[in-house]
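S.K.: Structure incoming, see below.
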Amino acid sequence: VHIIGYPCKGVIDNTKVAAALEGKVEPGLVSAVKETEDTLELSFPDQTITLKKNDVVADKCSRCLYPNAVLSDTFEGEQREPVVTEDPYADLEAFEKLSLEERQAFWEKEMSRCIRCYACRNACPLCVCRDHCVATSREPHWLSQADSTREKLFFQLIHATHLAGRCTGCGECSRACPVDIPVGLFKRTMTRAAAKMFDFEGGVNPEAALPLQTFAMEEPTIKEREW
């Protein structure tokens with residue numbers, strides 16, 4: 001296997017594009033897209049609309065530390081410098097300032113919109129147990145098929161825990177959601193915890209042992225004896 005790596009220029013968020021075009025034109029009528037370093041030029045049957053990339057780029061791009069392939073045998077293209085414009089976990093910190101009741105109400109509202117299509121699971125490059133997923137397994141029978149926020153939230157919590165220490169923050173789970181539920185918040189909460197507790201970052205070092213697959217009598221960063 002020979003791995004060819006490329007730099008990433010960022011990903012456009014289609015929901016942001018649709019919002020920018022709202023009231024101006026039907027997004028589905030776009031016939032061509034011309035890209036420059038800073039803009040997107042969208043061609044429609046009767047007009048051309050130019051959008052600034054910074055206005056429609058995915059949120060994850062503003063906190064990406066690795067715009068270049070981390071592992072490759074051959075690298076094609078020019079290396080790009082990370083452009084981190086915000087605290088990677090600023091949105092989490094703002095969310096966690098809400099009271100427990102407010103956070104519970106938020107997730108109950110969001111999960112009530114979930115249609116249980118499992119696009120979030122299917123889009124995840126690190127969810128590797130699809131043949132034995134708790135969402136479909138009947139032995140053991142972890143989840144029911146009840147259309148309830150409880151069952152939907154239960155699946156997301158299991159999925160986030162399963163990915164703890166492995167999630168790379170690609171954001172595909174949130175992007176794939178057809179009803180725009182920010183399920184990536186669950187995974188990023190666990191990613192931040194893994195970084196803080198085990199000084200570990202998923203997807204960076206292929207030789208590193210995953211924190212939840214190793215055992216130590218005392219973790220140097222947890223300092224349990226000082227509690």
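The values are calculated or read from the model by the stated rules, or taken from the named source; none is laboratory data. Since this is a predicted model, take the numbers as computed values, not measurements. Neighbour counts are summed over all protein chains in view; Cβ atoms, including those assigned to glycine, are modelled from backbone coordinates with ideal geometry.
S.K.: Among the residues of the stretch 5-25, what is the count of those that are more than 11 Å from residue 53 (Cα to Cα) and aliphatic (A, V, I, L, M)? Give the derivation first.
M.R.: The initial filter retains those residues of the stretch 5-25 that are more than 11 Å from residue 53 (Cα to Cα), namely 5-8, 14-15, 18-25.
Within this subset, residues satisfying the condition of being aliphatic (A, V, I, L, M) are 18-21, 25.
Count: 5.
S.K.: Quick check on my filter: what residues within the stretch 67-92 are out of contact with any Pro (no Cβ under 7 Å at 6 or more places or on another chain) and modelled with pLDDT of 85 or more? Please lay out each step first, then the result.
M.R.: Quick first cut of the stretch 67-92, residues out of contact with any Pro (no Cβ under 7 Å at 6 or more places or on another chain) only: 69-70, 72-76, 81, 83-92.
Of everything in the stretch 67-92, those that are out of contact with any Pro (no Cβ under 7 Å at 6 or more places or on another chain) and modelled with pLDDT of 85 or more turn out to be 69, 70, 72, 73, 74, 75, 76, 81, 92.
S.K.: While we're looking at this one, here's another question. Does the stretch 169-183 contain any residue that is part of a helix (DSSP H, G or I) and surrounded by fewer than 18 Cβ atoms within 10 Å (Cβ to Cβ)? Lay out the reasoning, then the answer.
M.R.: Narrowing the stretch 169-183 to residues part of a helix (DSSP H, G or I): 172-176.
Imposing the further condition that a residue be surrounded by fewer than 18 Cβ atoms within 10 Å (Cβ to Cβ) reduces the set to 176.
Scanning the stretch 169-183 turns up at least one residue that is part of a helix (DSSP H, G or I) and surrounded by fewer than 18 Cβ atoms within 10 Å (Cβ to Cβ).
S.K.: Further, regarding this structure: Return yes or no: is residue 154 over 16 Å from the mean Cα position of the chain (by Cα), surrounded by 16 or more Cβ atoms within 10 Å (Cβ to Cβ), modelled with pLDDT of 85 or more and not charged (D, E, K, R)? Quick ask: steps written out before the conclusion?
M.R.: On the way: over 16 Å from the mean Cα position of the chain (by Cα): yes; surrounded by 16 or more Cβ atoms within 10 Å (Cβ to Cβ): yes; modelled with pLDDT of 85 or more: yes; not charged (D, E, K, R): yes.
In short, yes.
S.K.: Among the candidates 150, 121, which residue alone is under 22 Å from residue 177 (Cα atoms) and without any contact (Cβ under 8 Å) to a residue 24 or more places away in the chain?
M.R.: Values: 121 fails: without any contact (Cβ under 8 Å) to a residue 24 or more places away in the chain.
Being under 22 Å from residue 177 (Cα atoms) and without any contact (Cβ under 8 Å) to a residue 24 or more places away in the chain holds for just one of 150, 121, which is 150.
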